[in-house]
Amino acid sequence: MLNGGFLNITSEIGKLKAVLLHRPGRELERLTPQYLQELLFDDIPWLNRMRQEHDGFAKVMIDRGTDVYYYEELLEEVLKDKATHKSFVEDLVKICNIDNELLEKSIIEYLLTKTPEETVEISISGLHKDDLPEIKREPCLLDYIKEEYPFYINPTPNLYFTRDPGTVIGQGLSINRMEMSARNRETMFLQYIYKYNPLFDGRNTPQWYDYNDKHSIEGGDILVLSDKVVAIGCSERTSAKGIEILAQRLFENSNVEKVLAIKIPFTRAYMHLDTVFTMVDYDKFTIYPGIEDKVSVYELTKGRNMPKITPIDTLENGLKSALGLPAIKLIKTGRGDAITAAREQWNDATNTLAVAPGVIITYNRNEISNEYLRNNGIEVIEIEGSELVRGRGGPRCMSMPLVREKL
């Protein structure tokens, strides 16, 4: 087993010391109604306000002593090396499935003339057909089929949800396999940061999962409950096989001894486990009311080649047993009221980010849920999120913790 470097996450609630974010950019301004579904978005946000809200989110963490790192800045550092820049550009064009060799070659040549900052900007915000100098070439069938489509390289509007592409578990990193191909580029970005940025120290940091692995697993489904226990949602976006593979690698190479696999309904409304369930204190969790009766829970432990699996009767009993607690408290969003919970769940009331034990960040618009959390002993830090929430994600979705203090 490799000794880890900078990265270290052994809980969901330890004091947050370092986090990876992406500040929303021009990629959001390239969303149009006809391409929302293809780019996995539900609405068109107002970028200037969105960036103000995101800056407010970052400031809350900085004021609490968290070091904030940004995808775009870490990538720019990596691409200052010419060989890495060339490799990145080639992989970028390859992962975009342009399917025209002459066009791919032209795009590569064009991108290699760009600075690291410009290359990163294009890789995130996309390459519009009008941006590329006109090339004399014989059109292929795909040119006619996609004649009206405006991009050679799509924008990546979901990148500000940094939780999904990667997850730090212990002192290692899972670079996740996304279920939807529209998000594959995000994990490629993270692979380059992991491999070449000294902050991540890829040579001395174990990698638990690779985005080229076959079976999907996404960070919104992974909760590091303690140094020995990880919960993983089996969802619309995370496969059962992916959970088994990651669990066995953790058992063989880390301090993790148990994985709780939690099957949730396979619908967009419950896209990831953290949309309906997050940890807010040592023995407290916030949960969407009624979901506890719709989940199935399985305890995974180390097996010879794949994990041993033991069904658990309830989520509450699974959590108590795995964490060695006599009791836990499930704090229901919307104070348990069905209508209030449904309304505030639409605005990610359950998707909380702990910055210390019993201290969480949430959107200020979820007034009833936030007050109920306070009534249950939780310190709630509210942020503006009227535009951020249009992407259907909350503070946990928008953050990839890198370092937390040990409990």
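The values are calculated or read from the model by the stated rules, or taken from the named source; none is laboratory data. Note that this is a predicted model, so its numbers are computed, not measured. Positions of Cβ are generated from backbone atoms using ideal geometry, with glycine treated the same way; all protein chains shown enter the neighbour counts. For the accessible areas, the whole protein counts, side chains as well, though only heavy atoms, and no ligand, DNA or RNA atoms are used. Shrake-Rupley method; radii C 1.70, N 1.55, O 1.52, S 1.80 Å.
Of the residues making up the range 209-236, just one is closer than 16 Å to Asp274 by Cα, in contact with a strand residue (DSSP E or B) (Cβ under 7 Å, 6 or more places away or on another chain) and open to solvent by 10 Å² or more (accessible area, probe 1.4 Å), namely Cys234. Taken together, the residues in the range 26-43 that are acidic (Asp, Glu) and either at pLDDT 95 or above or buried (at least 20 other Cβ atoms within 10 Å of the Cβ) (or both) amount to 1. Would you call Val78 more than 24 Å from Ser386 (Cα to Cα), aliphatic (A, V, I, L, M), within 22 Å of the chain's Cα centre (by Cα) and modelled with pLDDT of 90 or more? For Val78, the condition - more than 24 Å from Ser386 (Cα to Cα), aliphatic (A, V, I, L, M), within 22 Å of the chain's Cα centre (by Cα) and modelled with pLDDT of 90 or more - is met. In summary, Arg23 fulfils each of the numbered conditions (1) over 26 Å from Tyr152 (Cα atoms); (2) open to solvent by 40 Å² or more (accessible area, probe 1.4 Å); (3) part of a loop (DSSP other than H, G, I, E, B) with the single exception of condition (1). Evaluating Ile232 against the criteria (1) modelled with pLDDT of 95 or more; (2) farther than 28 Å from Thr362 by Cβ leaves one unmet condition, (2).
If I filter the range 134-157 for residues that are assigned to a helix (DSSP H, G or I), open to solvent by less than 20 Å² (accessible area, probe 1.4 Å) and modelled with pLDDT of 95 or more, do I get at least one hit? There is no residue in the range 134-157 that is assigned to a helix (DSSP H, G or I), open to solvent by less than 20 Å² (accessible area, probe 1.4 Å) and modelled with pLDDT of 95 or more.
Counting only residues that are open to solvent by 10 Å² or more (accessible area, probe 1.4 Å), touching a Pro at 6+ places or on another chain (Cβ under 8 Å) and aliphatic (A, V, I, L, M), the range 381-407 holds 1 of them. Among the residues of the range 285-294, are any polar (S, T, N, Q) and modelled with pLDDT under 95? The answer is no; no qualifying residue exists.
Applying the condition of being free of Cβ contacts under 8 Å to residues at least 60 places away in the same chain and among the hydroxyl-bearing types (Ser, Thr, Tyr) to the range 186-208 and asking which residue is surrounded by the most Cβ atoms within 10 Å (Cβ to Cβ) yields Thr187. Cβ-Cβ contacts under 7 Å between residues 6 or more apart (or on different chains), taken from a first residue in the range 373-392 that is farther than 27 Å from Asn48 by Cβ to a second residue that is among the acidic types (Asp, Glu), are listed as Ile378/Asp281. Counting the residues of the range 44-71 that are under 21 Å from Gly25 (Cα atoms), in a helix (DSSP H, G or I) and either touching a Leu at 6+ places or on another chain (Cβ under 9 Å) or open to solvent by 40 Å² or more (accessible area, probe 1.4 Å) (or both) gives 15.
Taking the range 244-267 as the range and being of a type in the set (D, E, K, R), in contact with a strand residue (DSSP E or B) (Cβ under 9 Å, 6 or more places away or on another chain) and open to solvent by 50 Å² or more (accessible area, probe 1.4 Å) as the test, the residues that pass are Arg249, Glu257, Lys258, Lys263. Considering (1) open to solvent by 50 Å² or more (accessible area, probe 1.4 Å); (2) in a helix (DSSP H, G or I); (3) not hydrophobic (A, V, I, L, M, F, W, C), the lone condition that Arg183 does not fulfil carries the number (1).
So, in the range 289-304, of the ones that are open to solvent by less than 50 Å² (accessible area, probe 1.4 Å) and not in a strand (DSSP E or B), which residue ends up nearest to Arg365 (Cα to Cα)? Here the residue is Pro289. Select from the range 353-380 the residues that are in contact with a helix residue (DSSP H, G or I) (Cβ under 8 Å, 6 or more places away or on another chain) and in a loop (DSSP other than H, G, I, E, B) and write down the one among them that is surrounded by the fewest Cβ atoms within 10 Å (Cβ to Cβ). Top of the filtered list is Asn364. The set of residues from the range 168-218 being at pLDDT 95 or above and at positive phi comprises just one member, Gly170. Checking Ile368, Ile381, Ile339, Ile309 one by one, the residue that is touching a Leu at 6+ places or on another chain (Cβ under 8 Å), at negative phi and of a type outside the set (Lys, Arg) is Ile309 and no other. Being outside any helix (DSSP H, G or I) and among the β-branched types (Val, Ile, Thr) is the filter; apply it to the range 305-343 and report the residue that is most open to solvent (accessible area, probe 1.4 Å). So, considering only residues that are outside any helix (DSSP H, G or I) and among the β-branched types (Val, Ile, Thr), the one most open to solvent (accessible area, probe 1.4 Å) is Ile309.
Screening Pro395 with (1) assigned to a loop (DSSP other than H, G, I, E, B); (2) modelled with pLDDT under 95 gives one miss only, at (2).
Taking the options Lys94, Lys114, name whichever one is surrounded by fewer than 17 Cβ atoms within 10 Å (Cβ to Cβ) and more than 30 Å from Trp208 (Cα to Cα). Testing whether each residue is surrounded by fewer than 17 Cβ atoms within 10 Å (Cβ to Cβ) and more than 30 Å from Trp208 (Cα to Cα) leaves just Lys114.
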